[in-house]
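Colleague: Encoded as structure tokens, here's the structure I'll be asking about.
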Amino acid sequence: MKRVLIAFDKFKDAISAHEACEAATRGLHSLHPDWSFDLCPLTDGGEGFCASLTTAAQGGREIHLCTGPRGTMLSAPVGFVQARNLSESTRSRLGFGASGSGSLAVVEMAAASGLALLPKSQRDPWHTSSYGTGDLLRAAVQRGVDSVLLGVGGSATNDLGLGALAALGFKFLDAEGMAIANPTPATWEKIQQIDQSAAISLPPLFIACDVTNQLLGPTGATAVFGPQKGLRADDAPRLEIQAQRLAALLCTACDQSNELTAVAGTGAAGGIAFGLMAACRAKLIPGFPLVSDWLALPARIATADLVLTGEGRFDTTSLGGKGPGALIALAREAGKPVHLFAGSLEMVMEEGRSFHAITPPGMLLSEALPRTAELLEAAVRGTFAPGIR
């Protein structure tokens with residue numbers, strides 16, 4: 001009997017990481033029902049972050065009402081876990097002592113302010129807000145947790161986290177002293193002052209992030225990620241100018257150096273990393289090492305005879321130290337055979353690895369997306385039908 005670790009990330013706009021793991025398991029189980037399967041949904045801080053980490057730590061989730069990226073109300077989860085259920089190295093990353101006492105909230109930005117929540121016609125960073133993420137942070141604080149972990153992947157916003165700060169009690173005032181309730185970039189020209197006198201206090205806040213972009217400039221949030229969120233090219237300079245002004249205003253209000261804008265990672269998720277670092281003294285922590293520790297990936301790889309992983313799109317940039325690419329590196333170091341399955345595969349096969357595109361040649365994306373689970377299951381079954389290679 002072989003033991004198989006099945007650790008997939010999401011296939012964007014198609015199936016979740018958990019659904020991908022289940023589809024791959026069905027394909028392999030149909031051929032080898034006597035094998036043992038260890039399902040381990042991966043997360044990069046985006047969709048599934050709360051569910052994957054909370055479930056792995058035997059925690060519980062609560063559903064809270066929050067403000068969506070375009071102002072409509074929606075429901076999103078907050079996870080709650082006990083620090084004693086985390087490994088010692090994970091607790092250390094999150095500031096807990098060796099005793100393991102205390103509680104942690106897990107918040108997922110994508111669940112409240114995510115790009116996947118919007119149809120393409122509504123994706124516009126001038127009008128999207130991180131306010132709902134602030135709603136979830138407030139809900140976590142009200143539970144009296146000792147620490148908060150925020151995953152910031154998959155955001156629809158480019159608002160420097162000002163929406164989240166508004167939900168936490170910060171006031172953004174115009175020249176007449178009138179408050180702007182939800183400070184989306186479309187309102188930034190009106191903002192002249194930031195008042196934090198009514199802001200709630202947060203426990204230590206950690207942001208899981210593998211993005212190294214700084215807030216401003218050619219490699220900053222607006223330039224690199226704005227187009228993915230619906231920003232038109234001719235609008236980018238104007239938004240960048242306003243982002244620079246609002247960042248300086250926030251730094252002044254929070255007694256922070258404006259040099260914070262140049263810190264690696266502050267451009268994550270439309271600048272929410274910057275906003276929470278400036279206003280709430282949040283700390284950035286590398287995302288994949290945290291997830292790897294939390295999910296005990298090295299130990300699970302060590303006990304596996306075979307590793308399966310994958311995600312929606314895999315190319316040369318996917319080997320940059322997170323998600324399936326990082327898992328492949330770990331499996332390779334442990335001397336384990338590893339197979340990767342992706343909807344779109346755009347890289348050259350490397351020695352010792354096997355990569356598989358699940359989409360048949362000529363199939364349109366519009367046809368493939370709703371059939372992703374089916375295609376993944378079939379690709380796994382087809383790969384292993386003749387026997388393990």
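The values are calculated or read from the model by the stated rules, or taken from the named source; none is laboratory data. Everything numeric in this text was worked out from a predicted model, so none of it was measured. Here the Cβ positions follow ideal geometry from the backbone for every residue, glycine too, while neighbour counts run over all protein chains shown. In case anyone asks, the SASA skips ligands and DNA or RNA and just uses the protein heavy atoms, side chains included. Shrake-Rupley method; radii C 1.70, N 1.55, O 1.52, S 1.80 Å.
Colleague: Report those strands (runs of 3 or more DSSP E) wholly inside segment 167-240 carrying at least 1 residues which are in contact (Cβ under 8 Å) with a residue 40 or more places away in the chain and open to solvent by 30 Å² or more (accessible area, probe 1.4 Å).
Modeller: So the answer is 193-195.
Colleague: Looking at residue 103, is it more than 30 Å from residue 342 (Cα to Cα), open to solvent by 40 Å² or more (accessible area, probe 1.4 Å), over 18 Å from the mean Cα position of the chain (by Cα) and hydroxyl-bearing (Ser, Thr, Tyr)?
Modeller: No.
Colleague: Another question, then. Is it the case that residue 205 is touching a Cys at 6+ places or on another chain (Cβ under 7 Å), modelled with pLDDT of 95 or more and either farther than 30 Å from residue 35 by Cβ or among the acidic types (Asp, Glu) (or both)?
Modeller: yes
Colleague: Here's a follow-up. With the requirement that a residue be assigned to a helix (DSSP H, G or I), out of contact with any Lys or Arg (no Cβ under 6 Å at 6 or more places or on another chain) and open to solvent by less than 30 Å² (accessible area, probe 1.4 Å), what does segment 4-61 give you?
Modeller: 20, 21, 23, 24, 25, 28, 49, 50, 52, 53, listed by residue number.
Colleague: When you look at residue 65, is it open to solvent by 60 Å² or more (accessible area, probe 1.4 Å), touching a residue at least 24 places away in the same chain (Cβ under 8 Å) and closer than 23 Å to residue 167 by Cβ, yes or no?
Modeller: yes
Colleague: Right, another one. Considering only residues that are farther than 21 Å from residue 167 by Cα, open to solvent by less than 10 Å² (accessible area, probe 1.4 Å) and either of a type in the set (Gly, Ala, Ser) or in a strand (DSSP E or B) (or both), which ones fall in segment 76-100?
Modeller: 81, 83, 100
Colleague: Could you give every pair whose Cβ atoms fall below 7 Å, whose first residue belongs to segment 30-52 and is aliphatic (A, V, I, L, M), and whose second residue is surrounded by 20 or more Cβ atoms within 10 Å (Cβ to Cβ) and assigned to a loop (DSSP other than H, G, I, E, B), counting only separations of at least 6 or pairs across chains?
Modeller: So the pair list comes out as 42/9.
Colleague: Here's a follow-up. Hey, among 312, 271, which residue is in contact with a Phe, Trp or Tyr (Cβ under 9 Å, 6 or more places away or on another chain), of a type outside the set (Ser, Thr, Tyr) and touching a residue at least 24 places away in the same chain (Cβ under 8 Å)?
Modeller: 312
Colleague: Please go through segment 136-166 and give me each residue that is touching a Phe, Trp or Tyr at 6+ places or on another chain (Cβ under 7 Å), assigned to a helix (DSSP H, G or I) and not hydrophobic (A, V, I, L, M, F, W, C), ordered by number.
Modeller: 163
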